[in-house]
Amino acid sequence: MKVGIVGLPNAGKSSLFNALTRAGAEAANYPFTTVEPNVAVVPVPDERLDAVVETVGATPTVYETIEFHDIAGLVRGAHKGEGLGNQFLANIRETDALVHVVRAHGDEQVVHPEGRVDPLADIETIETELLYADLEQAERRLDKVAKEAKAGEREKVAEKEWVQALIAALREGRPARTVPVPEDAPDALRNLHPLTAKPVLYLANVDEDAAGTGPDGALAPPPEVVAHAEALGARAAAVSARLESELSELDDEDAAAMRADLGIAESGLTTVVREAWALLGLIAFFTAGEGKEGRAWAIPEGTAARRAAGRIHTDIEKGFVAAEVIGWRELVDLGGYAAARDQGRLRVEGRDYVMRDGDVMTVRFTP
């Protein structure tokens, strides 16, 4: 899973990236510190996998990962090459989802590129640039696909009509995600990679003293950011990049203690990971065996067992015969596979079984 961290210069992207990944990307109080996208692959700890590994005696433990791309700040006019322009728009296209960091703190020592703190205005600036970039790309694509459609091939005709509808939507200020891809041209979206089709998490960078203002002690994004996200079918959350930066310098125990003192229920990484997984509709299943690795695998919700086996290895998907499946909690409560088999709780499922979040699966396959 590749997640691009985007926003205006000095929104707190690199500080957040440093805190989430402890990768040490350069951060400074002036625009364009990030000249190339910083990339960090971050493991996603999962207490469910930890419990399964301990129960069955698996080793080592391999968590699923998220690849964070810290992309330099966009400015007004980026689609025309302003700032560092199209170079970074191209980098965004390579990601699966966007974390749009929005400044919502009042620290006057941090310079705002447009001289004011207005989360919705900042959001509009970035989204306008993405819309313009998509419009230019779609117009170029239309020139090509219109020529290909002259041969009358159904898929090319459908793609041409879709691109035309997309251009009309973008000119009206509507993102690509509002224009359904036609069944006759299933690859149309992949051929274009529009930026405004990507799922978005609006992540408000709030003041440190906002701790405890949200449910369950979470940091709360400004109401106007939440409303904007809901209107677009996106998600919204909040972190304090400064606080996360300070906590990242502590060991895990001290950081947890400080969060408890501040009334913050979870780390910024946990918040971003949870929201990103929900945004992409992902669940996790586990594989584990005595003396073998215990591993988490991310799959889209609704994935069938055979396709899930392909996440482990394509040969396992091809040779899939059946899968032994049990929920992680049930396996842990029973004390392992032997008791699960003795009590008939280890189910044998076929290729079309729809995987559930937290399933532990052992695949039977023919090499």
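The values are calculated or read from the model by the stated rules, or taken from the named source; none is laboratory data. Here the structure is a predicted model, which is why all the values come from computation and not from measurement. We place every Cβ from the backbone using ideal geometry, glycine too, and count neighbours over all the protein chains shown.
Observations, loosely collected:
- Pair list, Cβ under 9 Å, 6 or more apart: region 1-27 residue within 15 Å of ILE123 (Cβ to Cβ), other residue at pLDDT below 75 and acidic (Asp, Glu): LEU8/GLU114
- Filter pass, ALA338 being part of a helix (DSSP H, G or I), small (Gly, Ala, Ser), free of Cβ contacts under 8 Å to residues at least 60 places away in the same chain and buried (at least 19 other Cβ atoms within 10 Å of the Cβ): no
- Residue within region 224-244 that is buried (at least 21 other Cβ atoms within 10 Å of the Cβ), part of a helix (DSSP H, G or I) and either in contact with a His (Cβ under 6 Å, 6 or more places away or on another chain) or of a type in the set (D, E, K, R) (or both) present: yes
- Residue in region 117-126 that is under 25 Å from ALA234 (Cβ atoms) and in contact with a Ser or Thr (Cβ under 6 Å, 6 or more places away or on another chain) present: no
- Positions within region 193-206 being at pLDDT below 90 and aliphatic (A, V, I, L, M), in sequence order: LEU195, VAL206
- Only one entry of ARG364, ARG329 meets the criterion of being in a helix (DSSP H, G or I), modelled with pLDDT of 95 or more and surrounded by fewer than 18 Cβ atoms within 10 Å (Cβ to Cβ), and that entry is ARG329.
- Positions within region 128-182 being in a loop (DSSP other than H, G, I, E, B) and either among the charged types (D, E, K, R) or surrounded by 13 or more Cβ atoms within 10 Å (Cβ to Cβ) (or both), in sequence order: LYS150, GLU153, GLU172, ARG174, PRO175, VAL179, VAL181, PRO182
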